[in-house]
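**Student:** Before anything else, here's the structure in question.
The values are calculated or read from the model by the stated rules, or taken from the named source; none is laboratory data. These numbers were taken from a predicted model, which means no experiment stands behind them. Backbone-built Cβ (ideal geometry, glycine too); neighbour counts: all protein chains shown.
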Ligand SMILES: Cc1cc2nc3c(=O)[nH]c(=O)nc-3n(C[C@H](O)[C@H](O)[C@H](O)COP(=O)(O)OP(=O)(O)OC[C@H]3O[C@@H](n4cnc5c(N)ncnc54)[C@H](O)[C@@H]3O)c2cc1C
Ligand code: FES
Ligand code: FES
């Protein structure tokens, strides 16, 4: 029986559950013996000019080994934006010096090194920074006016623009047109492990850097580049990682700084940020202001759709600046809309920089079009599920091009919707809703439906390729080296399953290694839901190739025809077909000569997982509080290798989507001071705010890789966010409410009801 | 994030605590459960130079009937109050409210004296104690004195305790099977209240009503109480809940919404107390 | 100052600064790094350990406050190489992904089961309200606790050489 498709429990868990994983802050590597601790001094002002930095008291504080300000940086050049087409004027200094501007609360001004962890905070507190405040630019509306310009040398807050305005007559032939401004708010990725890095220089002139990230190779390249180091001198190790969700893609400047500080001080250096530091320092996600316009006929056919995005990039443009291009690419989503327009303009603001967060550009597209579909359905008085059905791209098994320019691999959107509606008992839910409305209950039912398709395994800096090395050892065990970078996804288990499937070696005997640039110099890491379809496919390919190598070697040993040999699962080796037991074991084959394969798998193209979600909420219409009571989802990610782990990915994704829809938002006051910089203030979704989820199976294989697998890491979030938002709106729709922005807090819902009752549809 | 340095003194009796407070003066602070004090010290919003740990003072841990009152030691943890059979039988509002504070780990540490002394306008148990018309017993260099709770919470994080005093006991009337309701409105279930309302039928025949987070301190809803005393309906009385309050505006609620919540939650708490309805939100259940 | 406590059955006496948090004492002084620190506002529960039978957030307890106490961390749960029922259930139900919340979740779950040996889905969620997880959406954590409850009273206890857990 094939191991693929079975619920194999994780091989990584016994250690995680008994001794705990080993995260960067847990390291006891001898190279870090005698390490000093770095503590950063950050700006408490969002926008302003530094007038003085006084480190004299800090320098005298107990345990202080060094204090660094911009004056101590020497010739370290500022870090240019990560994208070549962006103006170098947006570069970020390592430390903001006297006469220079800070651009967000959290900008780095100084750093102290101390013998002990606790001494760092004491000393950092003694660094006195004076800043002459400037007006803060909070949000894209303020940035757009260029009333206050963050980077005078650039001359505008506009960082980039993609796409052209829609022609004036774009909606001319539509009977009904609905237009609405909606917000896809700024949220924190908030992995439970904050950022951390350590570095030690060896006598050989090389530096070893340990840091929490989603791809060692990319992080290494960035750090070497920023510091002007020969990449051969940099050894980057990724220890266990406590979640990433996109915010740990690549390296952060602090990581490189730790390596630089270790060089300057001649001591190994450790750094682990606090949560408050993390909530301003780590890349955040989403932060799009959108305008959707949808037009069509009263019978429910959508003819034209336009999406205009204003992207808040935060203070220094990072990868978030290009994510709107993914939003644009996926604008039309699952719909066969004859005319689709999308454009985006990106601005710097005095907030934390924006990067990738679970879904990264695609949830924003889905949220927009699903909101538009609901608004359109409400306008023409049609059931939202029916409107969707009427406009779906018909089932296809061959790659199909959409009107926003994407080429989808395979999809059956109507089937996904049908399945989820049936599993949810949609008609009964609508009947119950009608009864409650009829009775005028305090607690009203809301039903939200979403359909989505997203792009996974797109080129995120490593093409559509991943490599794998597979070696079978003389003791009958095997080792897989992968360029992916698991941080919860369970690659150690799934990659072992893929190798085991070909070799017959049990998963317990297969070790998977990742995240060490000396052993695995090349790799694309884990992001964009690429790992299984590229990294997993590479492991599969390596295992197939290794069997071929072994077959030739066995044929020689047995003096048999290679074609007559097959993998003998029972005896862990190769046997003559039809005569199990007559053959050689893996151990024998690996005894004399290394049995090893290195391979690279390249996918033809990205894949497009899809699905449909139904969310049910109960809203207390007197207080405005909505509680999610059910979440029923179809998330079709093609062939599933390990359902246990795939479900886990869906669960996590769904929960984060609920978090965005109902609770989470990074807020600033008008001076750019963050209002949500601890977990006491930032309403991270918790167990009590979620129901158990109802997952419905559906698997439409992709032709893009031999596994038939699409990505599953982000899909749950993409589907659940609009479903929950829509359910909240639906729960109070009978009171005249058409829209509530995310997060749909009780105050927002209550106010929407008040306004609707006053007569203005909101 | 870690606190600044301080000296630590462990005491095992109230007398020792009083003596230690006298010795170390105004820079000293009592440490009870530490679940209000340590979080603000970690953020360096408080920097006491001496902590006097009273958690070893066993004499402060009790819940007992004393005449027509229930006496509760200041060191009683929220968890112990929640599980106390005496409290459940004699003043069921309190154990219920205790069960709604924070999360289990917080309830395992936080104390009744600590939450009263801390005087946070959003705190749950002080709201319930206010509705109950509790008495705060403090000990200091001049012995013990009693302060009615209505005179205890003076302002934002400011109480009627004098320097050198600590809370030793809270006394509340035995309400027994009389009706009560507690409506706590939160964003997430374990959060502090955005607004909360407590209502309880008192032995003297009046109804005590108090609100959390409607001003700089927890507040008695006097207009509501007076209206009820005049025989007004619950609806009419609850409509007055925001009178005399000075709610703040923050990311969860502006003044208008907070005032609305005060009226709504007061009405609900009163109805539950009157036995008219079940506790009406998932976050609030009453007996 | 000197502090003595029993940690996972072993008597430990160490010199600590008064401000040393129990979480840092466990991690940095005793090398027990399964206990994690995920926040600075007592919100996330990653640091949850069991002190004298009760779950606490060790980031908000001074090491000195645990003087004379029995402390159990994740490392002290398995006996003779056999996982505690809650650990085993977290594995079988895939109740962990990145693992960062896991130590605190496992300890908090033992507390939940000590308080209520047969909880409902909703009661498990309420019992874990002080613990945040970013990866699992809590679904499989809840399943794991329900599964562990099937093991009976042992699921709500820590190894017997140590302590009774109440909640
Ligand atoms: C995550 C979290 C969530 C919480 N959620 C809630 C909630 O939902 N609702 C709520 O009401 N509370 C909540 N709390 C607060 C909790 O109830 C605290 O435990 C309580 O407010 C303080 O009690 P303590 O014993 O921990 O006091 P400590 O922190 O030890 O002390 C608090 C203050 O009171 C002083 N003090 C303590 N005891 C005495 C005494 N006997 N006499 C004089 N002064 C004294 C101290 O010097 C200090 O100034 C939460 C706390 C946390 C950490
Ligand atoms: S680290 Fe203790 S609660 Fe977050
Ligand atoms: S498993 Fe990652 S935070 Fe819970």
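**Student:** Do you know which residues across segment A:469-492 are closer than 21 Å to residue A:573 by Cα and either buried (at least 24 other Cβ atoms within 10 Å of the Cβ) or within 16 Å of ligand 3 (Cβ to nearest atom) (or both)?
**Tutor:** A:470, A:472, A:478, A:480
**Student:** Moving to a separate point now. Name the single residue that is farthest from the other protein chains (Cβ to nearest Cβ) among those in segment B:251-262 being modelled with pLDDT of 95 or more and more than 22 Å from the chain's Cα centre (by Cα).
**Tutor:** The selected residue is B:255.
**Student:** In addition: Restricting to segment B:219-243, name every residue that is farther than 20 Å from residue A:623 by Cβ and under 20 Å from the mean Cα position of the chain (by Cα).
**Tutor:** The answer is B:220, B:222, B:225.
**Student:** Need the failing condition index for residue A:633 against (1) more than 19 Å from the chain's Cα centre (by Cα); (2) free of Cβ contacts under 8 Å to residues at least 60 places away in the same chain, just the number.
**Tutor:** All conditions pass for residue A:633, except number (2).
**Student:** What are the residues in segment A:79-95 that are surrounded by fewer than 16 Cβ atoms within 10 Å (Cβ to Cβ) and without any contact (Cβ under 8 Å) to a residue 60 or more places away in the chain, if any?
**Tutor:** A:84, A:88 - these are the residues of segment A:79-95 that are surrounded by fewer than 16 Cβ atoms within 10 Å (Cβ to Cβ) and without any contact (Cβ under 8 Å) to a residue 60 or more places away in the chain.
**Student:** Turning to a different aspect of this structure: In contact with a helix residue (DSSP H, G or I) (Cβ under 8 Å, 6 or more places away or on another chain), surrounded by fewer than 22 Cβ atoms within 10 Å (Cβ to Cβ), at pLDDT 95 or above and within 11 Å of chain C (Cβ to nearest Cβ): does that describe residue B:4?
**Tutor:** Numbers: in contact with a helix residue (DSSP H, G or I) (Cβ under 8 Å, 6 or more places away or on another chain): yes; surrounded by fewer than 22 Cβ atoms within 10 Å (Cβ to Cβ): yes; at pLDDT 95 or above: yes; within 11 Å of chain C (Cβ to nearest Cβ): yes.
So residue B:4 fits the description; yes.
**Student:** Going by the conditions given, is residue A:448 within 16 Å of the chain's Cα centre (by Cα) and touching a residue at least 24 places away in the same chain (Cβ under 8 Å)? Quick ask: steps written out before the conclusion?
**Tutor:** On the way: within 16 Å of the chain's Cα centre (by Cα): no; touching a residue at least 24 places away in the same chain (Cβ under 8 Å): yes.
Judged against the criteria, residue A:448 is not a match.
**Student:** When segment C:77-106 is examined, which residues are found to be surrounded by fewer than 24 Cβ atoms within 10 Å (Cβ to Cβ) and either assigned to a helix (DSSP H, G or I) or under 13 Å from the mean Cα position of the chain (by Cα) (or both)? Walk me through how you get there before you give the answer.
**Tutor:** To start, the set of residues in segment C:77-106 that are surrounded by fewer than 24 Cβ atoms within 10 Å (Cβ to Cβ) comprises C:78-83, C:88, C:91-93.
Of everything in segment C:77-106, those that are surrounded by fewer than 24 Cβ atoms within 10 Å (Cβ to Cβ) and either assigned to a helix (DSSP H, G or I) or under 13 Å from the mean Cα position of the chain (by Cα) (or both) turn out to be C:78, C:88, C:91, C:92.
**Student:** Can you pull out the residues in segment C:10-56 that are within 16 Å of ligand 1 (Cβ to nearest atom), over 23 Å from residue A:16 (Cβ atoms) and facing chain A (nearest Cβ under 8 Å)?
**Tutor:** C:19, C:40, C:41, C:42
**Student:** Would you confirm whether any residue within segment B:152-166 is outside any strand (DSSP E or B) and more than 14 Å from ligand 1 (Cβ to nearest atom)? Walk me through how you get there before you give the answer.
**Tutor:** Taking segment B:152-166 first, the residues outside any strand (DSSP E or B) are B:152, B:156-157, B:160-165.
Going one step further and asking which of them are more than 14 Å from ligand 1 (Cβ to nearest atom), we end up with none.
Checked against the condition, which is being outside any strand (DSSP E or B) and more than 14 Å from ligand 1 (Cβ to nearest atom), segment B:152-166 yields no hits at all.
**Student:** Considering only segment B:99-114, how many residues are more than 16 Å from ligand 2 (Cβ to nearest atom) and within 14 Å of chain C (Cβ to nearest Cβ)?
**Tutor:** First, pick out the residues of segment B:99-114 that are more than 16 Å from ligand 2 (Cβ to nearest atom): B:99-100, B:111-114.
Okay, now just the ones that are also within 14 Å of chain C (Cβ to nearest Cβ), so B:99-100, B:111, B:114.
The number of residues fulfilling the criteria is 4.
**Student:** Looking only at segment A:250-259, decide whether some residue is within 14 Å of chain C (Cβ to nearest Cβ) and part of a loop (DSSP other than H, G, I, E, B). Outline the logic, then answer.
**Tutor:** To start, the set of residues in segment A:250-259 that are within 14 Å of chain C (Cβ to nearest Cβ) comprises none.
Within segment A:250-259 (the criterion being within 14 Å of chain C (Cβ to nearest Cβ) and part of a loop (DSSP other than H, G, I, E, B)), the answer is no, since none of the residues qualifies.
**Student:** Now, a different point. Looking at A:759, A:736, which one is modelled with pLDDT under 95 and more than 22 Å from residue A:613 (Cα to Cα)? It would help to see each step written out before you state the result.
**Tutor:** Numbers: A:736 fails: modelled with pLDDT under 95.
Result of the check over A:759, A:736: A:759.
**Student:** When segment B:149-164 is examined, which residues are found to be without any contact (Cβ under 8 Å) to a residue 40 or more places away in the chain and surrounded by 13 or more Cβ atoms within 10 Å (Cβ to Cβ)?
**Tutor:** Hits for segment B:149-164 are B:149, B:152, B:157, B:160.
**Student:** Tell me yes or no: at least one residue of segment C:72-87 is at pLDDT 95 or above, out of contact with any strand residue (DSSP E or B) (no Cβ under 7 Å at 6 or more places or on another chain), within 14 Å of chain B (Cβ to nearest Cβ) and within 27 Å of residue A:643 (Cβ to Cβ).
**Tutor:** Scanning segment C:72-87, I find no residue that is at pLDDT 95 or above, out of contact with any strand residue (DSSP E or B) (no Cβ under 7 Å at 6 or more places or on another chain), within 14 Å of chain B (Cβ to nearest Cβ) and within 27 Å of residue A:643 (Cβ to Cβ), so the answer is no.
**Student:** Here's another thing I want to ask about it. How many residues are closer than 21 Å to residue B:45 by Cα and either assigned by TED's automatic domain parsing to the domain that holds residue C:103 or not in a strand (DSSP E or B) (or both) if we restrict to segment C:8-61? Explain how you work it out, then say what you get.
**Tutor:** From segment C:8-61, those closer than 21 Å to residue B:45 by Cα are C:17-24, C:37-44, C:57-61; that's our starting set.
Keeping just the survivors that are either assigned by TED's automatic domain parsing to the domain that holds residue C:103 or not in a strand (DSSP E or B) (or both) gives C:17-20, C:22-24, C:37-44, C:58-61.
Residues that pass the stated criteria total 19.
**Student:** Given the structure, is residue A:549 more than 28 Å from residue C:102 (Cα to Cα) and either without any contact (Cβ under 8 Å) to a residue 12 or more places away in the chain or surrounded by fewer than 20 Cβ atoms within 10 Å (Cβ to Cβ) (or both)? First the steps, then the outcome.
**Tutor:** Working: more than 28 Å from residue C:102 (Cα to Cα): yes; either without any contact (Cβ under 8 Å) to a residue 12 or more places away in the chain or surrounded by fewer than 20 Cβ atoms within 10 Å (Cβ to Cβ) (or both): yes.
Judged against the criteria, residue A:549 is a match.
**Student:** Can you tell me how many residues in segment C:109-138 are over 18 Å from residue A:689 (Cα atoms) and either within 13 Å of ligand 2 (Cβ to nearest atom) or more than 9 Å from every other protein chain (Cβ to nearest Cβ) (or both)? Give the steps one after another, and end with the answer.
**Tutor:** First, pick out the residues of segment C:109-138 that are over 18 Å from residue A:689 (Cα atoms): C:110-111, C:113-118.
Okay, now just the ones that are also either within 13 Å of ligand 2 (Cβ to nearest atom) or more than 9 Å from every other protein chain (Cβ to nearest Cβ) (or both), so C:110, C:113-114, C:116-118.
Number of matching residues: 6.
**Student:** Please specify each residue of segment C:1-23 satisfying the condition of being within 25 Å of residue A:194 (Cα to Cα) and within 15 Å of the chain's Cα centre (by Cα).
**Tutor:** C:22, C:23
**Student:** How many residues does segment A:738-762 hold that are more than 32 Å from the chain's Cα centre (by Cα) and without any contact (Cβ under 8 Å) to a residue 40 or more places away in the chain?
**Tutor:** The total comes to 9.
**Student:** Can you find a residue in segment B:58-69 that is away from ligand 2 (no atom under 16 Å from the Cβ), surrounded by fewer than 17 Cβ atoms within 10 Å (Cβ to Cβ), outside any loop (DSSP other than H, G, I, E, B) and within 14 Å of chain C (Cβ to nearest Cβ)?
**Tutor:** There is at least one residue in segment B:58-69 that is away from ligand 2 (no atom under 16 Å from the Cβ), surrounded by fewer than 17 Cβ atoms within 10 Å (Cβ to Cβ), outside any loop (DSSP other than H, G, I, E, B) and within 14 Å of chain C (Cβ to nearest Cβ).
For every residue, the table says whether it meets (1) closer than 22 Å to residue B:269 by Cα; (2) crowded, with 22+ Cβ neighbours inside 10 Å.
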position: B:78; (1), (2): yes, yes
position: B:110; (1), (2): no, yes
position: B:133; (1), (2): yes, no
position: B:136; (1), (2): no, yes
position: B:139; (1), (2): no, no
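**Student:** Let me ask something else about it. Could you pull out the residue among C:63, C:34, C:46 that is within 16 Å of ligand 3 (Cβ to nearest atom), crowded, with 24+ Cβ neighbours inside 10 Å and closer than 14 Å to residue C:7 by Cα?
**Tutor:** Values: C:63 fails: within 16 Å of ligand 3 (Cβ to nearest atom); C:46 fails: closer than 14 Å to residue C:7 by Cα.
Being within 16 Å of ligand 3 (Cβ to nearest atom), crowded, with 24+ Cβ neighbours inside 10 Å and closer than 14 Å to residue C:7 by Cα holds for just one of C:63, C:34, C:46, which is C:34.
**Student:** Given the structure, is residue A:99 surrounded by fewer than 21 Cβ atoms within 10 Å (Cβ to Cβ), under 30 Å from residue B:44 (Cβ atoms) and without any contact (Cβ under 8 Å) to a residue 60 or more places away in the chain?
**Tutor:** On the way: surrounded by fewer than 21 Cβ atoms within 10 Å (Cβ to Cβ): yes; under 30 Å from residue B:44 (Cβ atoms): yes; without any contact (Cβ under 8 Å) to a residue 60 or more places away in the chain: yes.
Taking the combined requirement at face value, the residue satisfies it.
For (1) over 30 Å from residue A:600 (Cβ atoms); (2) in contact (Cβ under 8 Å) with a residue 40 or more places away in the chain; (3) not assigned by TED's automatic domain parsing to the domain that holds residue A:495, each residue gets a yes or a no:
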| site | (1), (2), (3) |
| --- | --- |
| A:640 | no, yes, yes |
| A:660 | yes, yes, yes |
| A:666 | yes, yes, yes |
| A:671 | yes, yes, yes |
| A:675 | yes, no, yes |
| A:681 | yes, no, yes |
| A:684 | yes, yes, yes |
| A:696 | yes, yes, yes |
| A:708 | no, yes, yes |
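**Student:** Can I ask one more? Which one of these is buried (at least 21 other Cβ atoms within 10 Å of the Cβ) and away from ligand 1 (no atom under 16 Å from the Cβ): A:701, A:609, A:683? Give the steps one after another, and end with the answer.
**Tutor:** On the way: A:701 fails: buried (at least 21 other Cβ atoms within 10 Å of the Cβ); A:683 fails: away from ligand 1 (no atom under 16 Å from the Cβ).
From the options A:701, A:609, A:683, the qualifying one is A:609.
**Student:** Follow-up. I need a count of the residues in segment C:120-143 that are more than 16 Å from ligand 1 (Cβ to nearest atom) and farther than 23 Å from residue C:37 by Cβ.
**Tutor:** The qualifying residues number 10.
**Student:** May I pose another question? Output the residues belonging to segment C:118-153 that are assigned to a helix (DSSP H, G or I) and surrounded by fewer than 22 Cβ atoms within 10 Å (Cβ to Cβ). Can you show your working first?
**Tutor:** Restricting attention to segment C:118-153, the residues satisfying the condition of being assigned to a helix (DSSP H, G or I) are C:121-127, C:139-149, C:152-153.
The answer is C:121, C:122, C:123, C:126, C:143, C:146, C:147, C:152, C:153.
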